[in-house]
Structures are given as C-alpha cells and as structure tokens.
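Report on the structure given below.
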Amino acid sequence: MKTISRYIMTLALLLTAVTGAWATTDVYLVGNGDGNWLNGVGWDPGAAGNKMTEQNGVYSITFTNVAANSELQFKFAINGTWNENYGCTSDTENELNKTLSNIELFGTNIMFGLTETADVTISFNLSEMTYMISTKGMKVGDDTPSGPEVTPGSSANTWTFSMPGSDVVLTPLYAPAAKWDVVDNVEQLPAALEGVIADTDAPLIVEGTVAFAGTSTTVKQGTVMYAVTPATVTEAPALDAANKWSADVPTAKTVADDGADVYVWYYIKGADAPDGQQATEDNTFNDTEPACLTVTVLTNKFDIQFNAANANTIEAGKATVTVDDQSATVTEGKLQGVKMGSEVKMTAKEGYKFRKVEVKKGVAKTFNCDGYILIYEDGDTWTKVVEKNPDKIHFWGEWIENVDSTGILNDSDGNGVKGSDIVNPNEEYYWGM
C-alpha cells in the first residue's frame with residue numbers, strides 16, 4: 001500500500017437545462033485503462049460496477065491493485081448522464097505523491113498515471129464540485145478498510161488507531177442519545193413528590209422510565225442517574241463527579257430536620273454495547289443532558305397540644321413531660337418542635353393519676369402567601385409562622401421578608417405585616433417594598 005496523497009481539482013458546474021437539487025443522485029465514475037481498472041466495465045455511465053457509494057455527502061469508489069499505467073482517464077456521470085457540462089479548471093501536478101503522476105485535463109476527462117501498483121480511491125463531493133485521488137485510504141460501503149485499523153477500547157466512548165506516515169480522515173458515527181419511554185404521547189420523566197418529610201426514607205420523586213433498546217423487551221437504553229443539591233445550586237454536578245450521582249432513587253434521609261427546598265437532578269446514562277457485541281444504533285446510546293426538579297421537603301418537627309379535660313394542667317404542675325428522657329417545657333398548653341419518632345413521656349405528679357390519655361393526629365394547615373406555601377395553625381401570629389417556615393420567610397427588622405429577598409410582606413391594604421399580627425389565610429398578601 002502506498003503513501004496517502006490528496007489532489008483536489010475544481011470542476012465547474014454548467015447547468016444548461018436543469019436547476020436546483022437533483023431528484024435522485026446516482027454518481028458513476030467512468031473511464032478506461034488496463035488491468036482491473038474499473039473491473040473492465042469501461043465508459044458505461046450506467047454500469048453497476050461504475051456506481052460510486054455515498055457516505056456523508058461524499059461519493060467514493062475504490063479499486064485494488066491497479067497496475068502502473070500512464071494513461072488512466074476518468075470523468076463523472078450524474079444519474080446516468082455524461083458530464084460534458086463539467087470541466088477541470090486546473091491541471092496542477094501533485095508533487096507530493098510520486099505514486100501518482102502527470103495528473104492533467106485531457107479534453108473533458110481527467111487523466112493520471114501510477115508509477116507503482118497501488119490501491120486507488122477516487123472521491124467526489126457533488127456539492128463542492130471537487131474530487132480527490134488517493135492511493136491509500138479508508139474504503140467506503142462494505143469494503144474492508146485499507147487504512148489504519150480503528151479498534152474500540154473498553155467502552156464505546158474510546159477508540160484507538162496507530163497513526164501512519166500519511167494524512168488520514170476520521171469519520172466517527174455517534175450513537176443516538178438514550179430516550180425516555182413514551183405512553184400516550186407523554187414522555188415518562190421523573191416527577192416531584194409532595195408531602196415528603198425530612199430525615200425519612202421517603203423518596204423525593206417518582207422514577208422515570210427509560211425506553212427499551214431496539215426490539216428488546218428487557219434491555220433498556222440506559223440507566224437513570226440522580227443527584228441532590230440545595231435549591232441555591234443552579235448547575236448540575238459534573239457527570240464524572242465522585243459520590244454525586246447514583247442510580248438509587250434519592251430520599252429525604254439526608255435533608256435536615258427543618259426541611260428545605262432541594263433540586264433533584266437526573267439524566268439517562270446511555271448504555272454501552274454488551275460485551276462481545278459490536279456497537280450499533282440499537283445497543284449503544286449517548287447520555288442525555290441533565291435536568292432537575294424542585295422538591296419541597298417538609299420539616300419533621302411537630303407541635304403537641306395538651307388539652308386537659310379539667311383544671312389539672314401540666315402548667316399547673318400536675319404533670320411533667322419529657323422528650324427522649326429530656327425535660328420539656330409546655331407553654332400555653334403546647335409543646336413545639338418535637339421531632340418525629342421521639343419518645344414523649346407524661347408523668348403525673350405524686351398523688352395524681354391519669355385515667356385516660358388520647359392522642360389524635362393533627363393535619364398541618366397551609367396557605368398560599370403570594371407564591372409561597374406556608375404552614376400555619378389557626379390563631380398563629382406571624383412570628384410563629386416564621387418559626388414554622390424558616391426555609392421560606394424570615395424577619396427583616398420588624399417586617400416579614402421572603403428568603404428570596406424579593407420584598408416585604410404587605411396585606412391587601414398595603415400595610416406591612418409585623419410579627420405580632422395574626423395570620424389570615426384568606427388575606428391577599430403580597431410582597432412589596
């Protein structure tokens with residue numbers, strides 16, 4: 001095999017009767033010579049042996065073991081029609097490749113010779129009207145490559161070859177991106193869950209579903225990967241970031257007791273071709289771009305309201321309360337901020353006994369405060385609402401401000417809201433200055 005060379009000549013396109021794109025584009029290389037040049041087909045513009053193979057917009061044909069000959073001629077035919085409307089505008093000799101010699105225009109034909117027996121590839125770019133003669137290079141179609149062998153590494157994203165002593169052209173064919181399953185024309189993407197409580201094993205999202213690979217009903221196009229960040233982080237972690245991404249569905253276990261808004265990032269990690277199998281468009285897939293969901297994780301701290309059936313109240317000293325064996329103070333019949341799962345113990349004072357103790361599960365009330373969903377109880381002051389929603393609102397001096405610092409809370413009359421004011425869930429509050 002001889003050294004690669006490139007020789008490009010410009011062909012002038014003179015369309016006399018047809019303009020615009022070809023309805024169909026069959027390109028033939030026709031010519032003469034001896035040996036096995038053109039497989040002996042010669043100047044027939046419609047012969048199957050003369051038809052060039054298209055790849056990425058370039059038409060090519062390769063002939064092997066072409067004998068040395070000083071008068072090899074060729075020209076192109078488009079859709080079976082001779083190319084008299086084409087002409088070569090340059091007859092510059094390629095001085096870098098001594099395997100090719102005397103490249104020149106011979107009438108409407110292009111002529112060249114070989115100084116030694118070699119494989120010859122001729123490529124034609126119809127849109128740019130240029131051609132290339134090479135005595136060594138990658139063949140097209142189903143032919144075995146005559147250039148450097150390119151081999152895959154341990155995964156589909158790494159291929160290697162040994163650089164020869166000549167120019168080469170690399171043409172990578174990228175795998176398609178993995179896709180989500182589609183049901184009733186809707187992509188089955190992950191979805192945020194509501195009512196998730198901090199420091200629990202509850203999942204933050206509903207899992208997404210990846211489409212099957214090819215015609216398989218068991219093998220997926222990839223694996224969904226997840227990462228969780230605070231809602232203040234505006235970019236996804238790097239896909240190769242250690243200990244950031246996991247195929248496990250994220251839970252609220254790592255969210256602090258007071259709750260918070262978090263971002264759940266996700267993407268499909270595209271599948272590689274199975275071991276021992278060649279990479280194809282049905283078994284090899286690229287990663288998708290990361291996307292994210294906002295999930296509001298609720299606090300796991302709750303209040304206990306002690307409603308004594310008579311005057312023997314805890315505040316009156318008739319009983320004491322401990323939380324996880326630690327003394328707790330009940331104020332106005334309420335014990336605030338008790339973590340879910342804590343052991344709460346009531347102990348009657350000496351001389352007193354409990355005849356019966358009932359516990360009922362309360363339901364947290366919420367209302368929409370101009371775009372912020374706040375937890376409250378009837379009769380709460382705004383100071384208490386701030387305590388229950390520290391991830392959404394706080395005090396700015398004596399006024400209530402949202403954590404995004406977009407304004408001070410006002411009632412519908414335009415009056416600033418203070419901590420001592422009683423919350424009204426039916427009020428049309430708004431954030432202003």
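Sequentially through segment 291-301, phi angles give Karplus couplings (6.51, -1.76, 1.60; θ = phi - 60°) of 9, 9, 10, 9, 10, 8, 9, 7, 4, 9, 9 Hz, Gly and Pro residues having no value and appearing as x. Quick one: which of LYS179/LYS244; LYS392/LYS418; LYS361/LYS418 span more than 19 angstrom between C-alpha atoms? Over 19 Å apart, Cα to Cα: LYS179/LYS244; LYS361/LYS418. Separation of segment 265-304 and segment 46-62, taken as the distance between their Cα centroids, equals 42 angstrom. Applying 1/(1 + (r/R0)^6) with r as the Cβ-Cβ distance of ALA247 and THR115 and R0 = 51 angstrom yields a FRET efficiency of 0.25. Placing a label point 7 Å from the Cα of ASP404 along the Cα-to-Cβ line, the residues of segment 249-273 whose backbone N sits under 15 Å from it are 261-263. The accessible surface of segment 179-290, taken with every protein chain in place and a 1.4 Å probe, is 47 percent carbon and sulfur.
A full extension of the chain between THR158 and ASP275 corresponds to an added length of 40.7 nm, given 0.36 nm per residue minus the alpha carbon distance. Computed over neighbours whose Cβ is under 12 Å from that of THR296, the net charge equals -2, Lys and Arg +1, Asp and Glu -1. Highest mean first, the peptides 25-32, 61-68, 353-360, 264-271 sorted by other C-beta atoms within 10 Å per residue fall in the order 264-271, 25-32, 61-68, 353-360. Taking 20 Å as the cut-off, the amide N atoms of segment 290-331 that come nearer than this to a point 7 Å along the Cα-to-beta-carbon line of ARG355 belong to 306-320.
Taking R0 as 41 Å, what FRET efficiency do you get between GLU343 and GLN188 from their Cβ-Cβ distance, rounded to the nearest 0.05? Here the calculated transfer efficiency is 0.45.
Solvent exposure of segment 363-432, expressed per residue, is 53 Å² of accessible area, with all protein chains present and a 1.4 angstrom probe. Length gained on full extension, ASN424 to LYS334, computed as 0.36 nm times the residue gap minus the Cα-Cα distance: 30.3 nm. Placing +1 on each Lys and Arg Cβ and -1 on each Asp and Glu Cβ, with no other charges, gives segment 313-402 a dipole about its Cα centre of roughly 640 debye. Site pair ASP324 and LYS365 shows an inter-label distance of 3.0 nm when each label is modelled 7 Å from Cα along Cα→Cβ. The simple spin-label model puts a point 7 Å past each Cα toward its Cβ; for THR383 and ALA309 those points are separated by 3.4 nm.
Taking 0.36 nm per residue of sequence separation and removing the Cα-Cα distance, the ILE373/THR217 pair yields an extension gain of 51.9 nm.
The values are calculated or read from the model by the stated rules, or taken from the named source; none is laboratory data. Since the structure is predicted, the reported quantities are computational estimates derived from the model, not experimental observations. Neighbour counts run over all protein chains shown; Cβ positions are idealised from the backbone, glycine included. The protein model used for the area step is the full one, side chains on, heavy atoms only, and it has no ligands, DNA or RNA in it. Shrake-Rupley method; radii C 1.70, N 1.55, O 1.52, S 1.80 Å.
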